[in-house]
Amino acid sequence: MSTSIRIGRRTVLAGAGGAAVAATLGRPAIAATKTFTVGVLGVLSGPDAAWGLVNKYCATATANMYNAAGGFPIGDDKYHLEVVPADTELDPKIAVAGAEKLTQQLGLRYVIGPNTDTGALSVAPVMNRSNTIFIPYAFSRQLYTPPAENAILGMIASYEAGPIIYKYLMQKRGVKSISFLASNEPDALDQQKQGVAAARKLNLKILSADATYQPSATDFFAVLSPLVRQKPDLIVFSGVAPATAPLLIKAARQLGYKGQLSTETAQNIKILQQGAGKYAEGFISVGGASTPAIESDYMTRFAKEYQKVAGEWDDEAGTKVYALEMILRTIAKAGPKALTDTTAFKAEMDSFEIANPFMKDHPPLRYVGTGYFQQKRQIGVPLVVNEVKNGSFQTLFVGFVS
Amino acid sequence: MTQILIDGCVLSANYALIALGITLIFSIINLLNFAHGELFMVGAFMVYYVYGVFHLPFVAGLVVAALVTAVIGALFEKFFFAPVMRSSTREENSMLLAVGTALLLDSVALFAFGHEQRGVPDVIPGVMQIAGGFLPYQRLLVLVVSLVLVGVLLWFVQYTRPGRAMRALAQDRDAARLMGVNVERTSMLGFAIGAALAGLAGGLLVTVQGISAGAGPAISIKAFIMIMIGGAGVVGGALLGAVVLGFAESIGYSLLPGSETYLLIFVALILFLIIRPQGIMGHPWG
Amino acid sequence: MGLTRQGSGVNAATGGAARMLAHTALGFAALAVLFLLILPALFAGNGYWLTVLGNAALLAFASLGVWLTFSIGRINIAQGAFALIGGYVTAILDTRYGFSFFASLPLAGIIAGLVGYAVGWPILRLKGVYFAMITLVLTEVATYAFLNGGSFTNAASGITDIPRPRLLATSLDLYLASAVLLLIGVVIVWRFHISPVGAVFRAMRQGEELAASLGIDIARYRLLAFVVSSGMGGIAGAMFAAVQQNVFPTSYSVNDSINFMLYCFLGGLEWVVGPVVGSFLLIVVFQLLSAIQRFQVLLYAILMIVVMLFLPNGILSLPRVVSGWRNRRAA
């Protein structure tokens, strides 16, 4: 907790202009009198730390920006923002203890995270007992479908992205047949199932619907050769981890595969380039919700702040930037009462609408999800689809989930 | 079909390096090296930095990988394992210590190398086609270098003075001492060579599979499986274990691509050990 | 003259045994007071700490089983598998067949014990590193088996929304149940330890051939230790399923199995309470030091190596080691 605040102060100091002077004097220009604390629950250590750390850095960057401006206004007061992280270590047992620490020990009512289905499902009972709003980055529908009401999906679910991407490829690239490959773990398998259902609806010819590989696998020649032999127009790597994607792409291409390759999850271009080099060309993935092509000035400033906090920009941050902003804006609309009482927050969600501060043309930003969850329990972030071109991501198109 | 054969050969050759390393350590100081996968990972990162980041020749990367892991192995042996083995009364102690060193390397690697998946460009780009199967030149390189290294090691153990000392040590520690073998130095050398083999295996495979700081434990488990199949402490057994596992994976994945393959490998392994608890080749060295 | 001496010797021996028993009873009472009165009083109303302590109690309970297999000289890295089995037994019985938790809890232990019996019978023939490796593989097998269990285990999605027993509604209830379970576990393992069976176990650790040559049916005894251990793992897993209200194939991994072993050894393999001390120390200390959570694994590793080098008999041997130093200095 103290670390994140210290990082915050230091970055404010490092920043240019009036904010830096104000911080040097020890107090922001207009002193925030009250404090609002939000929790970040996620994988913060170990090999998968990147998932949770991006959440933490995003929340910290947003908090830093508002704090430098004197706090976030809710009702008549300005609130100093604090971010308290809790590590799940990717272990449901520890995630539950962490959730209890945030909700009971510290009495927080707004938490960002966890990052996986197992983590989110494990902490859901704890969150529901204390009526805490949480924003998991997990796709399991039962989290967001009634009677559940406290979880808000912070991103585009793969089953929402899939049909949009397939349709685009059918129309623009003449894709007629499709195969799916997933790692044998809940999130990926679910995405594979949803992808197959979507493809069936689009009348695509499904050549392989249930191929899987072991999550710790590192050699994919054996796994991919039967798939490649069927020569589908498109192979979808359902829910593929950024670490695995380049290995799969390289293996598929080395086996002589000539068709399209895509996934519905976000990827990291540096990892793709290092691991697959020129083989990665043409690979289609879902991007962070903020690309240079569509970002507003506010988003540009956020990206700068993020770089100060985290050291380097991560494309994922473009999606996760929405979490704390949405919590704050919704509370501001619902009134100070929502700070401690999430019922007021939930009541506000249905009608909530603001101009999207992160996008250039400021399209409306709402809660969505009625189609998939029967209630508005998803942040309406834009769907950016990328293609690797000349070693970097290029925006193929931008879509929305209504 | 050809593809299965090709994949099996490449995997087996590389696994042989891993299995030989862990077997060497096991036979010489009677220790199950839990940190073997971690040494593999360190070797892979060395090649990543030397060859991938600093653009020095790939061979230089392999040399650095071997040296660094050998030094780590030697230091572990001298400062951790040798004292504990000398004083301990329980067999468990040295194994738990090995678990400790594995955790140590895991967490240090996370700080030193970061959590990101890394990869390096191909040393030799391009793909060869043999009878309907695909063999990228990069994998061919891994296969050839692995086989050469296995050959060199076998020659070293069989025909050189330190190699003979190691075999003597593996057969009977006290007798070896009486015969004038410097037991301390030979143990350290054996551990260093075993560690270097893991490092070399990692350094070679990073060109095909990439590497991340968390890759160690999975490799260690593979190493365990191989020595359980072949018989702990037997060179021939290690090679056999590597071939069996390599082909089990390549055949299994092409028939049952999911995690059923590993479930079957595990179950087969347990059934096999019930019949033959000492592995296929149940007696030590030579 | 000779008779008297002999008599007084017997007297002294029984007196010693009685004193030891009184000693242990006192120690156990202190443990019970600590777990059932002092800790709840200190943390009542603090759900987070009660959860942490409850987790520690359950992990300690599972570790006690591992300790028992240590006492026959086997390095058991399979406890995660049995915790997983126990968790799934409870999850499936409670969610699909309407079992009450209190009925499925003992069943989880029994089924895990039976699996331990079936698996243990062949693999207990293996010794040393072979046994360690095969048990480590068992943990992986369990994960893969549940992963490939189709609709019966709900595959990778796990079983969620396990109803929580009405009697265990609050964090305090769950903690108390876990603590009581732990105390029962301590009594069971301690009974084994002081009984003739415990003596046989120790004899087997010294050397199975020797024990066998004394006419002991070692196969039966080592199976007994393993079955009890597996059953305890199953019960801990079932209890965890009730606390977490879900179980996934990945709920317990090789790391968990290694941790169970670590707790035993860190506390000390010579003491029944070793695993209890080990697990509470590690879990509680690292929750307290949440600021350095980033370094947790590193600190675990360093701690393990340092203890191994300087305190190979565990933390509980510290007083003995220290007094050893003192004596040497005094002499």
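The values are calculated or read from the model by the stated rules, or taken from the named source; none is laboratory data. Predicted model only: the values in this text are computed from it and were never measured. Cβ: placed from backbone, ideal geometry, glycine included. Neighbour counts: every protein chain shown.
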Exercise. What are the residues in segment A:330-365 that are of a type in the set (D, E, K, R) and surrounded by fewer than 18 Cβ atoms within 10 Å (Cβ to Cβ), if any?
Worked result: A:K333, A:K337, A:D341, A:D350, A:E353, A:K360, A:D361
Exercise. Within the set of pairs 6+ apart or on separate chains, which have a first residue in segment A:272-298 that is surrounded by 21 or more Cβ atoms within 10 Å (Cβ to Cβ), a second that is in a helix (DSSP H, G or I) and among the polar types (S, T, N, Q), and C-beta atoms under 6 Å apart?
Worked result: A:G288/A:T319; A:A289/A:T319
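From A:A188, A:A251, which residue is touching a helix residue (DSSP H, G or I) at 6+ places or on another chain (Cβ under 6 Å) and under 28 Å from B:P136 (Cβ atoms)?
Answer to the check: A:A251.
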Exercise. Just for helices (runs of 4 or more DSSP H) wholly inside segment B:129-229: which have at least 2 residues that are at pLDDT 90 or above?
Worked result: B:137-159, B:161-171, B:183-209
For this session: Determine if segment A:71-82 includes at least one residue that is assigned to a loop (DSSP other than H, G, I, E, B) and not acidic (D, E).
Result: yes
Exercise. How many residues does segment A:45-70 contain that are farther than 20 Å from C:Y48 by Cβ, touching a residue at least 40 places away in the same chain (Cβ under 8 Å) and in a helix (DSSP H, G or I)?
Worked result: 17
Problem set entry | Given (1) in a helix (DSSP H, G or I); (2) farther than 30 Å from C:S157 by Cβ; (3) touching a residue at least 12 places away in the same chain (Cβ under 8 Å), number of the condition C:A30 does not satisfy | (3)
Exercise. Yes or no: A:F373 assigned by TED's automatic domain parsing to the domain that holds A:I133, in contact (Cβ under 8 Å) with a residue 40 or more places away in the chain and closer than 19 Å to A:A151 by Cβ?
Worked result: yes
Problem set entry | Residues within segment A:115-135 that are under 18 Å from A:W51 (Cβ atoms) and either among the charged types (D, E, K, R) or modelled with pLDDT of 95 or more (or both), tallied | 3
For this session: Within segment C:140-155, identify whether any single residue is within 14 Å of chain B (Cβ to nearest Cβ), hydrophobic (A, V, I, L, M, F, W, C) and more than 15 Å from C:P249 (Cβ to Cβ), and answer yes or no.
Result: no
Problem set entry | Complete set of residues in segment A:307-338 that are within 15 Å of the chain's Cα centre (by Cα), closer than 14 Å to A:V54 by Cα and assigned to a helix (DSSP H, G or I) | A:A317, A:G318, A:T319, A:K320, A:Y322, A:A323, A:L324
Exercise. For segment A:363-402, what are the residues that are out of contact with any Lys or Arg (no Cβ under 7 Å at 6 or more places or on another chain) and part of a loop (DSSP other than H, G, I, E, B)?
Worked result: A:P363, A:Q374, A:Q375, A:K376, A:R377, A:V381, A:P382, A:N390, A:G391, A:F400, A:V401, A:S402
For this session: Please enumerate the residues belonging to segment C:19-55 that are surrounded by 22 or more Cβ atoms within 10 Å (Cβ to Cβ) and within 14 Å of C:V186 (Cβ to Cβ).
Result: C:F35
Exercise. Residues in segment A:264-281: is at least one aliphatic (A, V, I, L, M), facing chain B (nearest Cβ under 10 Å) and not in a helix (DSSP H, G or I)?
Worked result: no
For this session: Among residues belonging to segment B:203-253 that are aromatic (F, W, Y) and at the interface with another protein chain (Cβ under 8 Å from one of its Cβ atoms), point out the one that is nearest to the chain's Cα centre (by Cα).
Result: B:F224
Seminar exercise, completed: Condition set touching a residue at least 60 places away in the same chain (Cβ under 8 Å), more than 16 Å from A:K172 (Cβ to Cβ) and within 19 Å of the chain's Cα centre (by Cα), scope segment A:384-402, selection surrounded by the most Cβ atoms within 10 Å (Cβ to Cβ): answer is A:V384
For this session: Only one of these is among the aliphatic types (A, V, I, L, M) and within 14 Å of chain A (Cβ to nearest Cβ): B:A44, B:A98. Name it.
Result: B:A44
Seminar exercise, completed: Residues of segment A:93-129 being within 9 Å of chain C (Cβ to nearest Cβ) and in a loop (DSSP other than H, G, I, E, B), in sequence order, are A:L106
